[in-house]
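Working notes for the structure below.
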Amino acid sequence: MNSLKQYQFWLVVGSQDLYGEETLRQVDEHARAMVKGFESDSTIPCTIVYKPCVRNSNEIYNIIQAANNDASCAGIITWMHTFSPSKMWIRGLNILNKPILHINTQFNRDIPWDSIDMDFMNLNQSAHGDREHGFILSRMRINQKVIAGHWEDKRFRERMADWMRAAVGAYESRRLRVLRISDNMREVAVTEGDKVEAHIKFGWQIDHYGVEDIISEVEAVTEAEIDAQMAEYESLYEFATDDIEAVRYQAREEVALKRFLKEGGFGAFHTNFQDLQQLKQLPGLAAQNLMRQGYGFAAEGDWKTAAMVRIMKLMAADMSTGTSFMEDYTYHMEPGNEMNMGAHMLEICPSIASERAKIKVMPLGIGDREPPARLTFKAKDGPAILVSLIDMGDRFRMIVNDIICQEQRFDMPKLPVAAVLWKPLPDLETSSEAWIYAGGAHHSVLSYGLTAEIMRDWAEIMDIEFIHIGEHTKINDLRRELNYNDIIWKLK
Ligand code: MN
């Protein structure tokens, strides 16, 4: 398991000089105790850093400037233990360039009925101070996330953890480099998009290389490197083929691709089956095994989905739940048991497998090359999300659908690819109509560990439109939301 502890969040507690040293000392003591509590709770995936309380405009400015400049700081968490007049915050908040979580909590859970006096109330007045703080964040149109509740409460901490994952996603987004091998699939619209806008909005550096650049790497791979890659396949997967040469060719492709990705500092990549030049096989097993290692991938030139696979894998890096490139493929329309089956012509990530994946070599109807080796498996059951990112021309829109993945009872012996069966919420009819009205792509990211709420937080940090399709979705309400959003985003 990879830890998310490398990402730091600074707890910035606001106060003022009005209350005297003794009160401020207690504020600091409480903040320290809270950080200690968070740090010893495995619910909180990242590191929370205690900072001395800030009392005036200069201290606020200085700590925000320091947070901006600290490479390991992924966000700040503000809390007004006492009252911290908000005009003091304007100068600092004006330069804030990290995500901000505003926790509205209180050190003591209960009012001490017998002993409460004015001193106690002045010390513990976040009900008062956090409202002043919330005003200035709203007034300055800063996308604050607000979480209210007692800091020792499990749900409060889980919600903090969710927001931290979103902030980790924003952090990783802003340093992501995406490798485009060739261009988009001809004539396809939804995988297109404005790469300059994506660079500005998400931080993605999206660079194209010709297939020949990859081919020269593929040709340079040695037999020893292929042997080592084959040994890894043998340790992870079951060989359900006699065509070892075909598998060795995927191993060769994986070694080459991985070297290219590493040397270029790329976190995600795409291929395009229409442009393989002298490559003998479309990367199947190679792409699947690279996804398992955390690389983002999508097919047919889809750089947006490839980037999101990478980001979402990093947001869930400490979870053993699985995240994959996905494509809606075939419906099962049996009344009362409606389902969607997702797959791709090869490239589904084995991190979502419910069983040991099998390596098979089978012909590919499209692509005009040798039969590629690929992994096939049944996928896990349980709740998951599907995420699609599209370019609406004047903005990016993220669409998330809650789904329940189903146990696969049938073996589908003639199906040559990995597949996932799911029941989308609220039902197949509504979710499909909603997804289509919203313009959601056929490509998506499937994640078992992340939730719609986490992706909503990510979208808000990145300042893009967010559409959620879940158990409460009503089609006409959703259509109205899409219409209203069109106007809202034109005004932004
Ligand atoms: Mn596709």
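The values are calculated or read from the model by the stated rules, or taken from the named source; none is laboratory data. Keep in mind that what you see is a predicted model, and the values were worked out from it rather than measured. So basically every Cβ, Gly included, is an ideal-geometry build from the backbone, and we count neighbours across all protein chains shown. To get the accessible areas, we keep the full protein, side chains included, count just its heavy atoms, and leave off ligands, DNA and RNA. Shrake-Rupley method; radii C 1.70, N 1.55, O 1.52, S 1.80 Å.
Filter segment 295-333 down to the residues that are of a type in the set (V, I, T) and under 18 Å from E453 (Cβ atoms) and list them by number.
Result: I311, T321, T323.
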Exercise. Which numbered condition trips up Y448, out of (1) farther than 27 Å from Y171 by Cβ; (2) open to solvent by less than 60 Å² (accessible area, probe 1.4 Å)?
Worked result: (1)
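Would a scan of segment 57-69 turn up a residue that is assigned to a loop (DSSP other than H, G, I, E, B), of a type outside the set (A, V, I, L, M, F, W, C) and in contact with a helix residue (DSSP H, G or I) (Cβ under 6 Å, 6 or more places away or on another chain)? Write out each step before concluding.
We begin by selecting, within segment 57-69, every residue assigned to a loop (DSSP other than H, G, I, E, B); these are none.
There is no residue in segment 57-69 that is assigned to a loop (DSSP other than H, G, I, E, B), of a type outside the set (A, V, I, L, M, F, W, C) and in contact with a helix residue (DSSP H, G or I) (Cβ under 6 Å, 6 or more places away or on another chain).
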Exercise. Taking the condition hydroxyl-bearing (S, T, Y), in contact with a Gly (Cβ under 8 Å, 6 or more places away or on another chain) and in a loop (DSSP other than H, G, I, E, B), does S115 pass?
Worked result: no
For this session: Consider D213 carefully, then state whether it is open to solvent by 20 Å² or more (accessible area, probe 1.4 Å), more than 17 Å from F266 (Cα to Cα) and outside any loop (DSSP other than H, G, I, E, B).
Result: no
Exercise. Taking S351 and the conditions (1) in contact with a helix residue (DSSP H, G or I) (Cβ under 8 Å, 6 or more places away or on another chain); (2) assigned to a strand (DSSP E or B); (3) under 18 Å from L285 (Cβ atoms); (4) open to solvent by 20 Å² or more (accessible area, probe 1.4 Å), which numbered condition does it fall short on, given that it satisfies the others?
Worked result: (2)
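Residues of segment 345-369 being within 16 Å of the ligand (Cβ to nearest atom) and among the aliphatic types (A, V, I, L, M), which ones? Outline the logic, then answer.
First pass over segment 345-369, keeping only residues within 16 Å of the ligand (Cβ to nearest atom): 345-349, 364-367.
M345, L346, I348, L364, I366, listed by residue number.
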Exercise. If we scan segment 399-420, do we find a residue that is in contact (Cβ under 8 Å) with a residue 24 or more places away in the chain and among the basic types (K, R)?
Worked result: no
Exercise. So is H150 under 25 Å from V27 (Cβ atoms), open to solvent by 20 Å² or more (accessible area, probe 1.4 Å), in contact with a Lys or Arg (Cβ under 6 Å, 6 or more places away or on another chain) and not hydroxyl-bearing (S, T, Y) or not?
Worked result: yes
Exercise. Any idea which of (1) open to solvent by 30 Å² or more (accessible area, probe 1.4 Å); (2) under 23 Å from D391 (Cβ atoms) is the one Q278 doesn't satisfy?
Worked result: (2)
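Residue by residue, here is whether (1) modelled with pLDDT of 95 or more; (2) away from the ligand (no atom under 16 Å from the Cβ) holds:
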| residue | (1), (2) |
| --- | --- |
| P383 | yes, yes |
| S388 | yes, no |
| D411 | no, yes |
| L421 | yes, yes |
| T430 | yes, yes |
| A434 | yes, yes |
| L446 | yes, no |
| T451 | yes, yes |
| R456 | yes, yes |
Exercise. For segment 177-197, what are the residues that are open to solvent by 10 Å² or more (accessible area, probe 1.4 Å), more than 16 Å from the ligand (Cβ to nearest atom) and touching a residue at least 24 places away in the same chain (Cβ under 8 Å)?
Worked result: R177, D194, K195, E197
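Can you list the strands (runs of 3 or more DSSP E) found entirely within segment 374-492 that contain at least 3 residues being among the aliphatic types (A, V, I, L, M)?
Numbers: elements: 382-391, 396-405, 419-424, 443-447, 465-469.
Per the criteria, 382-391, 396-405, 419-424.
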Exercise. What are the residues in segment 50-78 that are under 23 Å from the mean Cα position of the chain (by Cα), open to solvent by less than 40 Å² (accessible area, probe 1.4 Å) and aliphatic (A, V, I, L, M), if any?
Worked result: A67, A74, I76, I77
Problem set entry | Test for M185: is it outside any helix (DSSP H, G or I), in the same structural domain as T305 (by TED's automatic domain parsing) and closer than 27 Å to M362 by Cβ | yes
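Taking P52 as the residue in question, decide whether it is part of a loop (DSSP other than H, G, I, E, B) and over 29 Å from F202 (Cβ atoms).
yes
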Problem set entry | Selection from segment 82-110 of residues that are surrounded by 12 or more Cβ atoms within 10 Å (Cβ to Cβ) and of a type in the set (A, V, I, L, M) | M88, I90, L93, L96, I100, L101, I103
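Taking the stated definitions as given, is E158 among the charged types (D, E, K, R), under 22 Å from Q6 (Cβ atoms), touching a residue at least 60 places away in the same chain (Cβ under 8 Å) and out of contact with any helix residue (DSSP H, G or I) (no Cβ under 7 Å at 6 or more places or on another chain)? Don't jump to the end; show me each part of the working.
Details: among the charged types (D, E, K, R): yes; under 22 Å from Q6 (Cβ atoms): yes; touching a residue at least 60 places away in the same chain (Cβ under 8 Å): yes; out of contact with any helix residue (DSSP H, G or I) (no Cβ under 7 Å at 6 or more places or on another chain): yes.
Taking the combined requirement at face value, the residue satisfies it.
Can you find even one residue in segment 355-368 that is surrounded by fewer than 22 Cβ atoms within 10 Å (Cβ to Cβ) and within 23 Å of the chain's Cα centre (by Cα)?
Residues of segment 355-368 that are surrounded by fewer than 22 Cβ atoms within 10 Å (Cβ to Cβ), as a first pass: 355-356, 358, 362-368.
Narrowing the set further to residues that are within 23 Å of the chain's Cα centre (by Cα) leaves none.
Checked segment 355-368: no residue is surrounded by fewer than 22 Cβ atoms within 10 Å (Cβ to Cβ) and within 23 Å of the chain's Cα centre (by Cα).
How many residues are of a type outside the set (S, T, N, Q) and within 14 Å of the ligand (Cβ to nearest atom) when one looks only at segment 302-324?
5
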Exercise. Which one is farthest from P383 (Cα to Cα) among residues in segment 319-348 that are among the hydroxyl-bearing types (S, T, Y) and open to solvent by less than 10 Å² (accessible area, probe 1.4 Å)?
Worked result: S324
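Evaluate the following for A373: is it of a type in the set (A, V, I, L, M) and out of contact with any helix residue (DSSP H, G or I) (no Cβ under 6 Å at 6 or more places or on another chain)?
Numbers: of a type in the set (A, V, I, L, M): yes; out of contact with any helix residue (DSSP H, G or I) (no Cβ under 6 Å at 6 or more places or on another chain): no.
No, not satisfied.
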Exercise. Out of segment 274-301, which residues are under 16 Å from the mean Cα position of the chain (by Cα), within 12 Å of the ligand (Cβ to nearest atom) and of a type in the set (G, A, S)?
Worked result: A298
